[in-house]
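Below is one structure, written out as structure tokens; comments come after it.
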There are 2 protein chains.
Amino acid sequence: MQKARIAVVGFGNVGSAAVAAIKESPDMEVAGIILRNPAKVPGVQKEVGDIPVVTDVKELGKVDVAVLGVASRAVPELAPKYLAMGINTVDSFDIHGEAVIKLRADLDKIARVHDAVAVISAGWDPGTDSMIRTVMEAIAPKGITYTNFGPGMSMGHTVAVKAIEGVEDAVSMTIPEGTGLHKRMVYVKIKEDYEFEKVAEAIKKDPYFLHDETYVYRVDDVESLIDVGHGVHMERKGVSGNTHNQRMEFIMSVTNPAATAQVMVSAARASLKQKPGCYTLPEIPPIDFIYGDKNILLFRLV
Amino acid sequence: MQKARIAVVGFGNVGSAAVAAIKESPDMEVAGIILRNPAKVPGVQKEVGDIPVVTDVKELGKVDVAVLGVASRAVPELAPKYLAMGINTVDSFDIHGEAVIKLRADLDKIARVHDAVAVISAGWDPGTDSMIRTVMEAIAPKGITYTNFGPGMSMGHTVAVKAIEGVEDAVSMTIPEGTGLHKRMVYVKIKEDYEFEKVAEAIKKDPYFLHDETYVYRVDDVESLIDVGHGVHMERKGVSGNTHNQRMEFIMSVTNPAATAQVMVSAARASLKQKPGCYTLPEIPPIDFIYGDKNILLFRLV
């Protein structure tokens with residue numbers, strides 16, 4: 001079997017977990033790790049052993065898929081560069097709503113032109129949760145689904161806080177309040193010469209936090225607060241045909257970067273089975289994410 | 001919008017719930033109800049009003065999909081008849097394992113030849129549960145998934161008991177014992193001149209019951225025991241990449257025929273978006289099951 005060659009872009013929490021997930025996949029191999037500035041991430045080469053660490057995908061020979069372990073905001077600019085080379089991309093773009101729809105439309109055009117596949121928002125939410133929400137609506141088309149996150153550190157929100165001027169280090173915790181409402185508990189270490197109150201205001205006005213009850217606390221050390229466990233509890237009560245009170249729940253408790261990276265790697269596999277274009281997870285057959293002979297998989301899963 | 005015309009074959013619990021689900025679907029209409037012997041199901045015509053009740057699909061004009069609300073054991077013979085006319089089929093064939101794989105292979109051939117689509121095992125288990133199990137493996141490829149059914153009446157098992165010689169009426173209850181093990185509690189009313197012990201032995205030897213702890217009780221009246229509520233609790237503890245203890249659960253509590261019929265009707269919609277062939281639910285993109293404009297759906301679900 002020819003193994004699919006996967007490049008991992010970035011080596012943060014998700015990038016390094018993606019390397020682990022690829023190594024555990026019998027049908028894939030790590031083509032290399034791509035960093036803008038390897039000097040900024042010392043020890044990567046030592047950590048990954050024989051895997052090449054480069055600044056340009058062209059140094060890696062044939063690459064089938066690039067797993068983009070980068071901040072969501074970097075995806076719209078970065079993904080087209082790979083797609084234009086005919087390399088599939090997978091990202092975990094996590095800005096819900098219009099931003100996903102726009103990204104999908106933009107990447108779809110580029111992917112089709114270059115005979116490539118982009119799988120976007122391939123984390124657990126958006127991502128596998130989006131698939132579960134869709135399945136729940138197939139069972140009960142009318143009704144309300146509540147998605148309750150946490151308690152846990154939100155990677156997207158944490159990255160967003162860190163991008164705000166004056167923030168030296170930060171962590172954003174998501175606390176579920178039920179019926180899809182959340183508190184955001186943000187712990188920040190402020191850079192010298194910055195005013196905490198102003199930074200706190202900027203955080204609360206950020207699109208990631210604007211619609212949630214947000215509390216910002218000043219701390220001297222963020223590192224000691226970090227636990228990357230996270231969870232979700234989705235609930236739907238709805239109507240099948242004309243029968244009410246059909247109830248469904250999905251509960252998950254995971255180490256977040258490992259789950260996100262694994263979904264991205266599973267999506268990399270799925271990308272190789274789709275026609276050129278851009279896809280969110282509910283647009284892909286679930287079986288395409290899994291390794292193995294289809295009949296054996298269906299025997300076990302159906 | 002041209003509505004898809006759906007024929008419902010059979011008018012038992014699932015067939016009648018399928019009619020209700022189609023009526024609630026903005027993109028579909030009931031082409032008619034097909035019964036082998038309408039005289040055996042008195043009052044159907046009165047119950048369904050203007051909807052034609054016929055013995056042959058040819059009496060219904062153009063039909064896009066036939067929803068087969070029949071016993072699983074009737075599916076392998078019945079589905080090909082519709083597929084051969086270029087009509088898509090949806091069934092809720094619920095005999096797991098080899099039987100599903102064989103049915104899929106058989107119907108796939110026929111469907112391709114006649115430019116039709118068969119969606120098989122489109123209930124909630126097998127069916128939507130199969131999709132959830134697959135998504136769980138995309139998140140954590142290594143590990144164990146336990147599917148715990150009930151407590152509730154199993155339609156497949158009840159039909160199987162009723163087919164056994166000497167049984168006048170019956171209901172089979174599924175009681176979860178955890179870690180995917182179940183007790184089967186079977187309540188039977190025996191026909192005159194049959195021996196209860198012999199009937200009970202035949203039930204316990206049926207493939208539906210052979211591998212489970214099965215208790216058979218004799219009752220005088222089955223009807224008063226019937227509650228068609230049912231449920232499932234699926235649990236997976238597994239590994240994402242090299243990170244262990246990733247935990248997921250799916251819990252559902254539903255009126256069973258309504259959920260089964262709704263999934264079948266959602267699958268009828270999905271069948272119209274697939275290429276010719278036979279599909280189990282994990283082989284179909286979840287979004288194809290849902291009614292609506294794709295961008296609006298993705299805005300809400302992703």
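Is there any pair linking a residue in region A:221-235 that is within 17 Å of A:Phe149 (Cβ to Cβ) to one that is surrounded by fewer than 17 Cβ atoms within 10 Å (Cβ to Cβ), with Cβ under 6 Å and at least six apart or on different chains, and which?
A:His233/A:Ile251; A:Glu235/A:Tyr146
How about region A:62-90: which of its residues are hydroxyl-bearing (Ser, Thr, Tyr) and either within 11 Å of the chain's Cα centre (by Cα) or over 16 Å from A:Gly123 (Cα atoms) (or both)?
From region A:62-90, those hydroxyl-bearing (Ser, Thr, Tyr) are A:72, A:82, A:89; that's our starting set.
Across region A:62-90, the qualifying residues are A:Ser72, A:Tyr82.
Give me the pairs, please: first residue somewhere in region B:38-57 and closer than 15 Å to B:Ala18 by Cβ, second residue anywhere and surrounded by 10 or more Cβ atoms within 10 Å (Cβ to Cβ) and at pLDDT below 95, beta-carbon distance under 8 Å, and either six or more positions apart or on two chains.
B:Val44/B:Pro38; B:Val53/B:Pro38; B:Val53/B:Val44; B:Val53/B:Gln45
Please find, within region B:137-166, the residue that is farthest from A:Pro141 (Cα to Cα) out of those that are aliphatic (A, V, I, L, M) and in contact with a Ser or Thr (Cβ under 6 Å, 6 or more places away or on another chain). Give the derivation first.
At the first step, the residues of region B:137-166 found to be aliphatic (A, V, I, L, M) are B:138-140, B:144, B:153, B:155, B:159-161, B:163-164.
Subset that is in contact with a Ser or Thr (Cβ under 6 Å, 6 or more places away or on another chain): B:138-140, B:161.
On the way: B:Ala138: 25, B:Ile139: 25, B:Ala140: 28, B:Val161: 32 Å.
So, considering only residues that are aliphatic (A, V, I, L, M) and in contact with a Ser or Thr (Cβ under 6 Å, 6 or more places away or on another chain), the one farthest from A:Pro141 (Cα to Cα) is B:Val161.
Given region B:111-212, what helices (runs of 4 or more DSSP H) lie entirely inside it while holding 2 or more residues that are out of contact with any strand residue (DSSP E or B) (no Cβ under 7 Å at 6 or more places or on another chain) and either away from chain A (no Cβ under 14 Å) or over 30 Å from A:Thr280 (Cβ atoms) (or both)? Walk me through how you get there before you give the answer.
Working: elements: B:128-139, B:155-162, B:196-205.
Ranges flagged: B:155-162, B:196-205.
Can you tell me how many residues in region B:2-11 are free of Cβ contacts under 8 Å to residues at least 60 places away in the same chain and either within 21 Å of B:Trp124 (Cα to Cα) or touching a helix residue (DSSP H, G or I) at 6+ places or on another chain (Cβ under 7 Å) (or both)?
Selection size over region B:2-11: 1.
Among what's in region A:273-289 and is part of a loop (DSSP other than H, G, I, E, B) and open to solvent by 10 Å² or more (accessible area, probe 1.4 Å), pick the residue that is farthest from the other protein chains (Cβ to nearest Cβ).
Just the residues of region A:273-289 that are part of a loop (DSSP other than H, G, I, E, B), to begin with: A:273-276, A:280, A:284-285.
Subset that is open to solvent by 10 Å² or more (accessible area, probe 1.4 Å): A:273-276, A:285.
Values: A:Lys273: 11, A:Gln274: 10, A:Lys275: 11, A:Pro276: 16, A:Pro285: 5 Å.
Result: A:Pro276.
Taking B:Ile203 as meeting all but one of (1) on the phi < 0 side of the Ramachandran plot; (2) more than 23 Å from the chain's Cα centre (by Cα), write down the number of the exception.
Here B:Ile203 meets the rest and fails (2).
Tally up the residues in region A:234-246 that are buried (at least 21 other Cβ atoms within 10 Å of the Cβ) and within 7 Å of chain B (Cβ to nearest Cβ), please. Walk me through it before giving the result.
Going through region A:234-246, the residues buried (at least 21 other Cβ atoms within 10 Å of the Cβ) turn out to be A:234, A:236, A:238, A:240-241, A:243, A:246.
Now restrict to residues that are within 7 Å of chain B (Cβ to nearest Cβ): A:240-241, A:243, A:246.
Total meeting the criteria: 4.
Of all residues in region A:253-272, which are assigned to a strand (DSSP E or B) and among the hydrophobic types (A, V, I, L, M, F, W, C)? Spell out how you get there, then give the answer.
Filtering region A:253-272 down to residues assigned to a strand (DSSP E or B) leaves A:253-255.
Within region A:253-272, just A:Val254 meets the criteria.
Identify, by number, the condition in (1) part of a strand (DSSP E or B); (2) open to solvent by less than 60 Å² (accessible area, probe 1.4 Å); (3) touching a residue at least 24 places away in the same chain (Cβ under 8 Å) that B:Glu249 doesn't meet.
It fails just one condition, (3).
Restricting attention to region B:290-302, report how many residues are part of a helix (DSSP H, G or I) and more than 7 Å from every other protein chain (Cβ to nearest Cβ). Give the derivation first.
Of all residues in region B:290-302, those part of a helix (DSSP H, G or I) come to B:294-301.
Now drop any that are not more than 7 Å from every other protein chain (Cβ to nearest Cβ), which leaves B:294, B:296-297, B:300.
Looking only at that region, the number is 4.
Restrict the check to region B:81-93 and report whether at least one residue is acidic (Asp, Glu) and touching a residue at least 40 places away in the same chain (Cβ under 8 Å).
Applying the first criterion (acidic (Asp, Glu)) to region B:81-93 yields B:91.
Cutting the leftovers down to touching a residue at least 40 places away in the same chain (Cβ under 8 Å) gives us B:91.
There is at least one residue in region B:81-93 that is acidic (Asp, Glu) and touching a residue at least 40 places away in the same chain (Cβ under 8 Å).
Quick check on region B:87-104: of everything there that is within 19 Å of B:Val159 (Cβ to Cβ) and modelled with pLDDT of 95 or more, which residue is nearest to the other protein chains (Cβ to nearest Cβ)?
From region B:87-104, those within 19 Å of B:Val159 (Cβ to Cβ) are B:89-97, B:99-100, B:103; that's our starting set.
If we keep only those that are modelled with pLDDT of 95 or more as well, we get B:89-93, B:99-100, B:103.
Working: B:Thr89: 17, B:Val90: 12, B:Asp91: 13, B:Ser92: 12, B:Phe93: 10, B:Ala99: 10, B:Val100: 5, B:Leu103: 10 Å.
Ranking the candidates gives B:Val100 first.
So, in region A:1-15, of the ones that are farther than 22 Å from A:Met85 by Cα and not in a loop (DSSP other than H, G, I, E, B), which residue ends up modelled with the lowest pLDDT?
Of everything passing the filter in region A:1-15, A:Asn13 is modelled with the lowest pLDDT.
The values are calculated or read from the model by the stated rules, or taken from the named source; none is laboratory data. Remember, predicted model here, so these are calculated numbers, not experimental data. Neighbour counts are summed over all protein chains in view; Cβ atoms, including those assigned to glycine, are modelled from backbone coordinates with ideal geometry. What goes into the accessible areas is simple: the full protein's heavy atoms, side chains included, and nothing from ligands, DNA or RNA. Shrake-Rupley method; radii C 1.70, N 1.55, O 1.52, S 1.80 Å.
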